[in-house]
Amino acid sequence: MGHIDVAVIGGGQSGLATAHALLRRGLRPVVLAASNRTAGSWPRYHDSLTLFSPARYSSLPGMPFPGADRDRYPHRDEVVAYLTAYADRLDAEIRTGCRVTAVRRIGGAFAVDLEGGGRLSARAVVAASGTFGRPHRPALPGLEEYAGQVLHAADYRSPAPFTGRRVVVVGAGNSAVQTAAELARTARVTLASRAPVKFAAQRVLGHDLHFSLARTGLDTAPLGRLLPRPPAQPVLDDGRYRAALAAGQPDRRAMFTGTDGTKLVWPDGEREEVDAIVLATGYRPDLPYLAGLDGALDAAGNPRHREGLSTGVPGLAFVGLEWQRSLSSNSLRGVGRDADRITRCLAAHLARQ
């Protein structure tokens, strides 16, 4: 069994930012990435994905996002390349293809069990495995009985397989609206949601919204502790999505009330044949390896923490949670701040041992 300072579980933006912060504090982390590359879930996002934030607001600590145009919105593949280069520059041990199956306390240390039978002993653990591995599938009327195709946005890549089909996208957030608008170019699409879509202007007074968030301090304000649950985020829009909905491409309807074979039942009683339902309904923290660690998770499998520090397990911390501390906590621009804070606390904890 190998003995290490800190096991960082997750090789994406959260894990890499955490490794950078630990190194700055003189600790030697080992980053455990389940996939075979150091880019987290980014390679698995849909083909046309672009960031909501400009390049100038999309960097991890110590390495600006590359490119001359600092105001462009980087594509998915640019982010993958950036994270790969960031990992290459880190003087940290990164083990890819190394999935953690369980974390337990044995004596005064953590036992980190690996798929295939390996095990590490760590003085501290940071869970930075994100949410992509745990897509949220809400209880919708008749969904379990629906006989057509059902997939989560996590499994959506491009509109090509849906050409000419009748598709319903469920959700009202950024992912739902963008997916529905993209599909509507080649398919007949409805956006179904319990509440109307709320928009926020992408640009304010000639600047991207993130300029205002940074200048006002709203991006970093520690509001997470005040929120009983993460609030719904409005759809950031430069005008194209509002116009698409206004033109009925896609149209928007209230949530269906049931299903009948491959038909959906709408609130007005109409029964309509639908080929596929795409659930753009978000994600939850992906932390199955902490299920056997007393005090780490609540009954729903969500972390028990205060601003990223476990409230039930000393030496355990989290990075990359939505609203962990602020609006930007689970973003490229904000995850480094949270990583710096929790590593400062972990370093103090380890110094007392």
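Quick look at the numbers
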| item | result |
| --- | --- |
| Segment 101-129, residues that are at pLDDT 95 or above, in a loop (DSSP other than H, G, I, E, B), small (Gly, Ala, Ser) and open to solvent by 20 Å² or more (accessible area, probe 1.4 Å) | 129 |
| Enumeration of residues in segment 57-100 that are in a strand (DSSP E or B) and open to solvent by 80 Å² or more (accessible area, probe 1.4 Å) | 93 |
| Unique match (being open to solvent by 70 Å² or more (accessible area, probe 1.4 Å), closer than 22 Å to residue 307 by Cα and not charged (D, E, K, R)) among 246, 221, 214, 232 | 232 |
| Selection from segment 21-42 of residues that are open to solvent by 40 Å² or more (accessible area, probe 1.4 Å) and either more than 30 Å from residue 347 (Cβ to Cβ) or hydrophobic (A, V, I, L, M, F, W, C) (or both) | 23, 34, 36 |
| The listed residue being in contact (Cβ under 8 Å) with a residue 12 or more places away in the chain, touching an Asp or Glu at 6+ places or on another chain (Cβ under 8 Å) and either polar (S, T, N, Q) or open to solvent by 40 Å² or more (accessible area, probe 1.4 Å) (or both), out of 310, 329 | 329 |
| Subset of segment 105-122 that is charged (D, E, K, R) and touching a strand residue (DSSP E or B) at 6+ places or on another chain (Cβ under 6 Å) - its residue that is farthest from residue 294 (Cα to Cα) | 115 |
| Single match in 146, 156 (criterion: more than 26 Å from the chain's Cα centre (by Cα) and of a type in the set (Ser, Thr, Tyr)) | 146 |
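Residues checked against (1) in contact (Cβ under 8 Å) with a residue 40 or more places away in the chain; (2) acidic (Asp, Glu):
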{"residue": "241", "(1), (2)": "yes, no"}
{"residue": "254", "(1), (2)": "yes, no"}
{"residue": "259", "(1), (2)": "yes, no"}
{"residue": "264", "(1), (2)": "yes, no"}
{"residue": "280", "(1), (2)": "yes, no"}
{"residue": "290", "(1), (2)": "yes, no"}
{"residue": "298", "(1), (2)": "no, yes"}
{"residue": "304", "(1), (2)": "no, no"}
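The values are calculated or read from the model by the stated rules, or taken from the named source; none is laboratory data. Please read these numbers as outputs of a predicted model, since none were measured by experiment. When we count neighbours, we look across all protein chains shown, and the Cβ atoms used for this are built from the backbone with ideal geometry, even at glycine. Surface accessibility is based on the protein's heavy atoms, side chains included, excluding ligands, DNA and RNA. Shrake-Rupley method; radii C 1.70, N 1.55, O 1.52, S 1.80 Å.
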